[in-house]
1. Any idea what angle helix 96-117 forms with the longest principal axis of the chain, computed on alpha-carbon atoms, 0 to 90 degrees, nearest 10?
2. In nm, to one decimal, how far is the modelled label at Phe80 from the one at Ile61, with both set 7 Å along Cα→Cβ?
3. Kindly rank 19-30, 80-91 from highest to lowest mean number of other beta carbons found within 10 Å of each residue.
4. Taking the Cα centroid of region 72-112 and of region 18-33, what is the distance between the two, rounded to the nearest whole Å?
5. Computed from the coordinates I sent, Cα extents along the principal axes in Å equals one of (1) 53, 26, 17; (2) 78, 45, 26; (3) 48, 28, 17. Tell me the label.
6. Under a straight-distance cross-link criterion of Cα-Cα below 19 Å, which lysines are reachable from Lys116, leaving out those fewer than 8 residues away in the same chain?
7. Rounded to the nearest 0.05, what FRET efficiency do Asn95 and Gln23 give with R0 = 30 Å and r taken as the Cβ-Cβ distance? Could you check?
8. Which residues in region 96-110 have a backbone N closer than 17 Å to a point placed 7 Å from the Cα of Glu16 along the Cα-to-Cβ line?
Amino acid sequence: MNTYNPYMSLPGITTEEMAFLHQATNDLTDTQKQSFFLAYSGKRKSPQDILIFTLLGFIGIAGVQRFITGQVVLGIFYFFTAGFCFIGTIVDLINHTSIALEYNKKMAFESFQIAKMGV
């Protein structure tokens, strides 16, 4: 039995994310799983990255974490309101793991579609 788990090499992976990935790739062949992993590892963001980008909000560049997760309108709003007067930035600082997980789930779905198409 092959016990190698490629997801363990992803930086900052949580047990919740790993369980989600195992469930999402359960029906894929080994070749499709490799394709999924390559696509997903290039797209995902680690919670530590989101944390660092959120901390930039305290030195005047609020909203970067929202831009890199594809939430451009919210990122612009954060930028021009100083992260909702720092309240939104503090909330994002507390919830950086869930922001990363939400984004990574979207990227897992896209990567799954790529793997199923055989690209």
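Each reported figure results from applying straightforward, stated rules to the coordinates on display, with no laboratory input. Model, not experiment: these values are computed from the prediction. A quick note on method: Cβ atoms are made from the backbone with ideal geometry, for glycine too, and the neighbour counts reach across all protein chains shown.
1. That works out to roughly 40 degrees.
2. Roughly 2.1 nm, to one decimal.
3. The most tightly packed comes first, giving 80-91, 19-30.
4. 26 Å
5. Checked against the structure: label (1).
6. In chain and number order, the partners are Lys33, Lys43, Lys105, Lys106.
7. 0.85
8. Counting backbone N atoms under 17 Å from the label point, the list is 96-109.
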